[in-house]
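The values are calculated or read from the model by the stated rules, or taken from the named source; none is laboratory data. Note that this is a predicted model, so its numbers are computed, not measured. Note that we place each Cβ from the backbone using ideal geometry, even for glycine, and neighbour counts take in every protein chain shown. Please note that ligands, DNA and RNA were not included when accessible areas were found on the heavy atoms of the full protein model with its side chains. Shrake-Rupley method; radii C 1.70, N 1.55, O 1.52, S 1.80 Å.
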Amino acid sequence: MPILEATHLEKHFGATRVLNDISLSLEQGQALSIIGSSGSGKTTLLRCLNFLERPDGGTIAVKGEIIFDAADPSTQLERDIRKKRLHFGMVFQSFNLFPQYTALENVTLAGKLLAKEQPDFSQKKREIYARIEESGRELLARMGLADRAGHYPHQLSGGQQQRVAIARALALRPDILCFDEPTSALDPELTGEVLKVIRALAEERTTMIIVTHEMGFARDVSDQLIFMDGGVIVEQGDPHQVIENPQHERTKQFLRNYQQ
């Protein structure tokens, strides 16, 4: 059973159809990369999966449970949105760190807020917070940032900030980790350190969806590759096959433009 199955997703902004009959599935431990030109619908797809946008059609299922059905209002209640978002960790183009908090505080903030809803929170607050902070430090260490836990975002390089953002996305142990062009805001010399972290996550079989313009990285790290254009999936399959031997003219043209 796929960990994620999206079927016939549609998204419109006014008269503009941004997603048109998008269907995809993802197995536990797989990395799926999505490529395409600006405006092809890649980011909107991630935002729909993470409920930052509400699809106008289709269904989304996680672990076999339908968590969104455009035809069923009971799956669209605002009170349930936060819980559904916990399935997806999101790493954005911009780092979106809170400037007033240290790296560790950024990583642990969501966990501490959620902990307040535990029935025994008032009795075990110190113990719960200590456990969350220990986990946060472990995540920062995985990102190579053990010595940066007390630093504020302005004291970190762009690559370090993005690694903090990855640690923050992992902190709540999402089923699927989503990246939206995670290196696009970085200088070229900092891109490699972020891609190295994502590559390590892929080797650990972290389930991921990666919107990226890094073609070589997508080819070498992904289990699946999707090329989107004009709000539709034009081609999908084995990354080496799609990039090195594309079957559709639109894919070929995109890759030619990319190589120029």
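I need the phi-derived Karplus couplings for the range 94-106: 6.51 cos²θ - 1.76 cosθ + 1.60, θ = phi - 60°, integer Hz, Gly and Pro marked x.
Per-residue couplings from phi come out as 7, 6, 6, 7, 6, x, 7, 10, 6, 4, 5, 5, 4 Hz.
Please work out whether the range 44-157 counts as rounded, prolate or oblate from its C-alpha gyration tensor, where a ≥ b ≥ c are the square roots of the eigenvalues and a/c under 1.5 means rounded, while otherwise a/b larger than b/c means prolate and anything else oblate?
Working: a/c = 2.72, a/b = 1.57, b/c = 1.73.
Oblate shape, in that a/c is at least 1.5 and b/c is the bigger or equal ratio.
Give the average over all directions of the projected area of the C-alpha convex hull of the chain, one decimal, in nm². Each step should come with its number before you reach the end.
Values: hull surface 60.7 nm².
Result: a mean projected hull area of 15.2 nm².
Could you work out the relative contact order of the range 1-142, using alpha carbon pairs under 8 angstrom and six or more residues apart, expressed as a whole percent? Walk me through the numbers on the way to the answer.
Values: 157 pairs, mean separation 26.4, N = 142.
Averaging sequence separation for qualifying contacts and normalising by length gives 19 percent for the range 1-142.
How high is the relative contact order of the chain, in percent, counting Cα pairs under 8 Å that sit 6 or more residues apart?
With pairs under 8 Å counted, the relative contact order is 26 percent.
Please identify the GluC sites (Glu not before Pro) of the range 4-39 that satisfy two criteria: DSSP loop assignment and at most 16 other Cβ atoms within 10 Å. Which are they?
Numbers: sites: GLU5, GLU10, GLU27; in loops: GLU27.
When the GluC sites (Glu not before Pro) of the range 4-39 are filtered for loop state and at most 16 Cβ neighbours within 10 Å, GLU27 remain.
Rounded to the nearest 0.05, what FRET efficiency is calculated for HIS213 and GLN123 with R0 set to 51 Å and r the Cβ-Cβ distance?
Once the sixth-power term is evaluated, E becomes 0.55.
Could you pull the accessible area for TYR258 with a 1.4 Å probe, rounded to 10 Å²?
About 100 Å², rounded to the nearest 10.
With respect to the cross-link table entries LYS63/LYS83; LYS84/LYS252; LYS11/LYS116, which display a Cα-Cα separation exceeding 26 Å?
LYS84/LYS252; LYS11/LYS116
Counting only protein heavy atoms and using a 1.4 Å probe, what share of the accessible area of the range 4-259 belongs to carbon plus sulfur, as a whole percent?
47 percent
Would you mind checking the tilt of helix 249-259 against the longest principal axis of the Cα atoms of the chain, expressed as 0 to 90 degrees and rounded to 10?
Once rounded, one gets 60 degrees.
Round to the nearest 0.05 the FRET efficiency obtained for SER157 and ARG131 when R0 = 30 Å and r is the Cβ-Cβ distance.
Given R0 = 30 Å and the Cβ-Cβ separation, E is 0.55.
If the cut-off is a Cα-Cα distance under 21 Å, which lysines reach LYS196, setting aside same-chain residues fewer than 8 apart in sequence?
none
Residues of the chain: accessible area per residue at 1.4 Å, in Å²?
Spelled out: the 1.4 Å probe surface of the chain, per residue, equals 49 Å².
Once the Cβ-Cβ distance between PHE98 and ASP175 is put in as r, and R0 is 25 Å, what FRET efficiency do you end up with, to the nearest 0.05? Numbers along the way, then the final one.
Numbers: r = 25 Å, r/R0 = 0.99.
In this case the efficiency is close to 0.50.
Full extension from GLN28 to GLU249: what is 0.36 nm times the residue separation minus their Cα-Cα distance, to one decimal in nm?
Roughly 76.4 nm would be gained on extension.
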